[in-house]
1. Based on the Kirkwood radius over alpha-carbon pairs, what is the Stokes-Einstein translational diffusion coefficient of the chain at 4 °C with 1.567 mPa s viscosity, in µm²/s?
2. For region 157-239, what log10 I(q)/I(0) values come out of the Debye formula at q = 0.18 1/Å, with one point per alpha carbon and no solvent?
3. Nearest 20 debye, what's the magnitude of the dipole of the chain about its Cα centre given +1 on Lys and Arg Cβ and -1 on Asp and Glu Cβ?
4. Farthest toward the dipole's positive end in region 9-88, which of Cys53, Phe75, Gly34, given Cβ charges of +1 (Lys, Arg) and -1 (Asp, Glu) about the Cα centre?
5. If one takes the longest principal axis of the Cα atoms in the chain, at what angle in degrees, from 0 to 90 and to the nearest 10, does the Cα axis of helix 310-320 lie?
6. Against the 2.2 N^0.38 Å scaling, with N counting residues, where does region 289-332 land? I'd like the Cα-based Rg ratio to two decimal places.
7. I'd like the distance between the alpha-carbon centres of region 201-218 and region 297-363, rounded to an integer number of Å.
8. What FRET efficiency do you get for Arg305 and Glu150 if R0 is 56 Å and r is their Cβ-Cβ distance, rounded to the nearest 0.05?
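Since every read-out is calculated from the coordinates, none of them should be taken as a lab result. Predicted model only: the values in this text are computed from it and were never measured. Cβ placement follows ideal geometry from the backbone for every residue including glycine, while neighbour counts extend to all protein chains displayed.
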Amino acid sequence: MTPTGRLTLYVNPKWRRAGLHTPLLNPWWGNPLGESSLFTKQIFDTYAFDTHCYAITDDIQKADLVLAPYPHTWFLRHDTALLDECARTARKEDLPLLIDGTGDVEYPVDIGNTFILRYGGYRFMSERGRLQIPLYADDLLERCRDGRFEIRKKGEGKPVVGFAGWAKLTPVLLLRTVIKELPVRLYSIFDARYRACTKGVLWRQKAIKVLRRSPLVEFHSRTRSSFSGNLRTAEGNMIELQEQMVDTILQSDYALDVRGDANNSARLFEILSLGRIPVVLDTERNFPFSDKIDYSSFALVIDFRDIAHLSERIAEFHKNISPERFEQMQRNAREAYVRYFRVDALMRQIVEVLSSRLAESRT
């Protein structure tokens, strides 16, 4: 590794293709997202990975790692030969290969000496070389409220829990989902942890049902029949839907966070960006940078096997937390997002982990 702690990634200019390159190349190759992914495009139009932490080179003698320039799913669909070339180059130079393996579906990577960026996965399914990162989530406090952070005071009554998002399936989609998940449901008979692999929208339905029926919490929800972060699936104007979501979170004591198609969600980090306390249904998630971040300092994490008692757990937590601690958790939430999870801070965390693992491999 370079003496300054700055990582240098090798990318052969001849590897460039038409397609969505990894966002790690955004400062050099431009924003890979288009208008159909409006919110994600806005993130990378506004924030960039910190290039004080890393650089791209076409001189492999100066490199610490070889970077595969496209996401793993793109390679599998469009150009496996190019991925093979990246791997051969890394092996020839005895350098690790860095692969962007993020995506709602994670495919195995059968390449030695590899680091893989992931944002899903399950704790009980280990993977060599995995580097857990958050989903890219916009700073909604800056985007929608001009950066004005207003602490919510603890009230005397029932805790207010908010949710806005995709939580409905048509009968046809429900049937398809259940059929597709039959193997997972079979595995869960022998190992309850596999229940965590159930599609996120089904977990959301269960959580919403529990909270709606409970006299212990005040539940505010805006449930939708499709994903609102893409023009092709959003039910209405995306900006208006985002505003509704932000209002729901800010007007609540706690915001419900349940996994999406990947075993993680951008919503968790959006909640943190707004300085609110997330209630995280933990479906065996891999939490990013958990070795250095105390998630209990800003979030209430509840095991998915305890979903039937979700409202009791929230009510008990709210009853016992002091007003001072309630307010401090909101500050901690905002601080954690800005320090660790926002795009402009994220590369520092990635480089720190990579540098540590590179040092370990050389001892």
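1. Working: Rh = 21.7 Å.
In µm²/s, the coefficient is 60.
2. -0.91
3. Numbers: 52 positive and 47 negative charges, 181 e Å.
Result for the chain is approximately 860 debye, rounded to the nearest 20.
4. Phe75
5. With rounding to tens, the tilt is 80 degrees.
6. Details: Rg = 11.9 Å, N = 44, 2.2 N^0.38 = 9.3 Å.
The reported ratio for this selection is 1.28.
7. 23
8. On the way: r = 35 Å, r/R0 = 0.63.
Rounded to the nearest 0.05, the efficiency is 0.95.
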